[in-house]
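Notes to accompany the following structure.
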Amino acid sequence: MNDYDPEQVQIRPAATVMLIDDRPDLQLFMMERHANTIFAGGMWVFPGGSVDATDNSAEFQAISIHRSDAQASKLMGIDAGGLAYYIAAIREAFEEAGILLALKKDTLEPLDLSSPDVKKRFQQHRDDINDSNRNFIEIIKDENLIMDAGEIHYIARWITPPGPPRRFDARFFVACVPDKQTPIHDDGELVHSKWFSPKEILRRAENDEMVLMSPTLRMVKNLALFDSAAQVIESASANQVDELARVLPGTRVIVMPGEDGYETGLTDIESGWVRLRPLPVSG
């Protein structure tokens, strides 16, 4: 028996990012949540979380580059506030996975976290943020950085259905891990992390070796249609038309146009719109 009314649960804006790399085949960085966390306990997830009020501030927008709020909002089909989702995804990728999609402000060179001293300093920054001793914007300013919103690409939107104690209107993104950075989970709400090929994730999920939320699993299925990170980014950059997700009756299996059962699939179980898929073959 729930001690809350599922219909009264506030839907929060959120952002999550799929971190990919060729290692040497296409692989995806996944993290396992602690079993006792309120939302998605014990599940394998991408870095992500709620959009904070500061993510939509003029101060944050002033220290980001390569995508304006107007451009970000247009990509998402909203009037304004789109850049806040990009900023939230960048912030969460750092807080949860230690990846910071940022450039040196003076030179616009990629951020290099490969040396032991720099790695240690930025790990302390993460710890301070996660312990609420400092905030993300202070780190960006103190390190003289600028967030690179051009290196992150919008690919989907999923709205949590009624039922869970927390609901999100989540925008999904994809980004390549920078060359001189190494992701690692925060060892708090997240207890394990690993690189997997999309096909390996699907195999493990089918054998109940990994538990993923339905939208997460669906995004992995879409990623499995690609052969390389470059192909993924090329597709994501093309900003293809959204396709509506449907669910096979009597299951939690999400299908997309062209897949078996789509025409009779249900639209009132999962609310999802996905634009990540291989580009059409010309000619």
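The numbers here are math on the coordinates, done by the rules we state, and not lab data. Everything quoted here is computed from the prediction, not taken from an experiment. Here Cβ is always computed from backbone atoms with ideal geometry, including for glycine, and neighbour counts include all displayed protein chains.
Note on Lys120: aspartates and glutamates with a C-alpha under 15 Å away, same-chain residues under 8 apart excluded, are Glu95, Asp112, Asp128, Glu143, Asp186. Under the convention that each Lys and Arg Cβ holds +1 and each Asp and Glu Cβ holds -1, the size of the dipole of segment 141-283 around its Cα centre is about 220 debye. About its Cα centre, the dipole of segment 69-112 is roughly 140 debye, where the only charges are +1 on Lys and Arg Cβ and -1 on Asp and Glu Cβ.
Packing here is the average count of other Cβ atoms within 10 Å per residue, and on that basis the peptides 106-119, 88-101, highest first, run 88-101, 106-119. When Ser282, Ser57, Ser73 are arranged by Cβ crowding within 10 Å, least crowded first, meaning fewest neighbours, the order is Ser282, Ser57, Ser73.
When the charge dipole of segment 40-176 is built from unit charges on Cβ atoms (+1 for Lys and Arg, -1 for Asp and Glu) and taken about the Cα centre, the candidate among Trp44, Gln124, Leu100 whose Cα reaches farthest toward its positive end is Trp44. Fewest-first ordering of Trp44, Trp195 by other beta carbons within 10 Å of each residue's beta carbon gives Trp195, Trp44. The charge dipole of the chain, taken about its Cα centre with unit charges on the Cβ of Lys, Arg, Asp and Glu (plus for the first two, minus for the last two), comes to roughly 300 debye. Coordinate range of the alpha-carbon atoms in segment 54-96 per principal axis, descending: 28, 18, 18 Å. The residue list Leu83, Gln181, Ala229 was ranked by how far each Cα lies along the charge dipole of the chain toward its positive end, using unit charges on Cβ atoms, and Ala229 comes out on top.
Ordering Thr251, Gln240, Pro215 by the projection of their Cα atoms onto the charge dipole of segment 202-251, which places +1 on the Cβ of Lys and Arg and -1 on the Cβ of Asp and Glu, puts Thr251 at the extreme positive end. With respect to the chain, whose longest principal axis is taken over its alpha-carbon atoms, helix 82-97 is tilted by about 80°. Which of the lysines could be linked to Lys119 by a straight reach, that is with a Cα gap under 30 Å, when you skip same-chain ones fewer than 8 residues away? Leaving aside lysines fewer than 8 places away in the same chain, those within reach of Lys119 are Lys104, Lys105, Lys141, Lys180, Lys194. Taken along the Cα-to-beta-carbon direction at a fixed 7 Å, the label points for Ile159 and Glu234 span 3.5 nm. Under conditions of 37 °C and 0.692 mPa s, segment 139-257 yields 194 µm² s⁻¹ as its translational diffusion coefficient, taking Rh as the Kirkwood radius over Cα pairs in the Stokes-Einstein equation. Dividing the summed -39500 (n - 2.57) terms of all DSSP H runs of n ≥ 4 by the residue count of the chain sets its mean residue ellipticity at 222 nm at -8000 deg cm²/dmol.
DSSP bridge analysis restricted to the chain gives an antiparallel fraction near 75%, rounded to the nearest 5. If the segment from Asp79 to Ile65 were pulled out straight at 0.36 nm per residue, it would be longer than the present Cα-Cα gap by 3.1 nm. Each of Val9, Val177, Val241 was scored by other Cβ atoms within 10 Å of its Cβ. Listed from fewest to most, they are Val241, Val9, Val177.
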